[in-house]
Amino acid sequence: MKHYYAVIDTNVLVSAMLKWNSVPGNIMEFAFSGTIIPVINDEIIAEYINVLSRPKFHLTGEIIEDVVGTIKNMGIYVDEEHIDIDLTDAKDRVFYEVVMEERKEADAYLVTGNIKHFPTEPYIVTPRQMLDIIVSDEEN
């Protein structure tokens with residue numbers, strides 16, 4: 001089985017948690033099964049916890065702990081270098097920096113529902129594009 005290194009943007013994780021039977025849900029299933037290796041750091045983990053804990057999502061502490069704990073156990077930690085780049089949302093910088101750091105070692109993707117927030121690059125993909133990459137590779 002081929003593995004894919006991917007930084008998963010918080011919006012993909014939130015979408016998956018709100019509707020598991022969805023393309024973002026498929027991405028998280030691949031992350032939980034080991035097909036996708038989450039690329040993370042402490043700042044990304046803190047962002048996941050902070051956003052998932054918002055009352056509007058109605059997720060229990062236990063669910064958040066289980067999901068984030070699984071991501072931490074399945075993922076690899078990366079110490080990113082600062083990159084001087086202007087992004088639409090300054091909070092997206094860490095996701096971009098982490099994917100660029102991992103790309104020094106291996107192919108890695110940034111999976112985001114906000115693709116317009118990032119530079120246009122073949123490794124910055126939507127959940128659907130990531131799913132298509134995985135399915136296409138399995139068929140070949």
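The values are calculated or read from the model by the stated rules, or taken from the named source; none is laboratory data. What you see is a predicted model, and the numbers here were worked out from it, not measured in a lab. Note that we place each Cβ from the backbone using ideal geometry, even for glycine, and neighbour counts take in every protein chain shown. Ligands, DNA and RNA are excluded from the accessible area calculation, which covers all protein heavy atoms including side chains. Shrake-Rupley method; radii C 1.70, N 1.55, O 1.52, S 1.80 Å.
Is it the case, given these coordinates, that residue 49 is more than 22 Å from residue 118 (Cα to Cα) and either of a type in the set (A, V, I, L, M, F, W, C) or in a loop (DSSP other than H, G, I, E, B) (or both)?
Yes; evaluated as a whole, the condition is true for this residue.
Would you please name the residue that is surrounded by the fewest Cβ atoms within 10 Å (Cβ to Cβ), looking only at residues in segment 35-45 that are outside any helix (DSSP H, G or I) and within 12 Å of the chain's Cα centre (by Cα)?
So, considering only residues that are outside any helix (DSSP H, G or I) and within 12 Å of the chain's Cα centre (by Cα), the one surrounded by the fewest Cβ atoms within 10 Å (Cβ to Cβ) is 37.
Which pairs have Cβ atoms under 8 Å, sit 6 or more apart or on different chains, and link a residue in segment 72-90 that is open to solvent by 60 Å² or more (accessible area, probe 1.4 Å) to one that is at pLDDT 90 or above and assigned to a loop (DSSP other than H, G, I, E, B)?
74/34; 77/41; 79/41; 88/114
Can you report the number of residues in segment 84-120 which are part of a loop (DSSP other than H, G, I, E, B) and within 22 Å of residue 30 (Cα to Cα)?
7
Say we look at segment 1-34 and pick out the residues that are touching a residue at least 60 places away in the same chain (Cβ under 8 Å) and under 18 Å from residue 138 (Cβ atoms); which of these is most open to solvent (accessible area, probe 1.4 Å)?
If we take residues in segment 1-34 being touching a residue at least 60 places away in the same chain (Cβ under 8 Å) and under 18 Å from residue 138 (Cβ atoms), then 2 is most open to solvent (accessible area, probe 1.4 Å).
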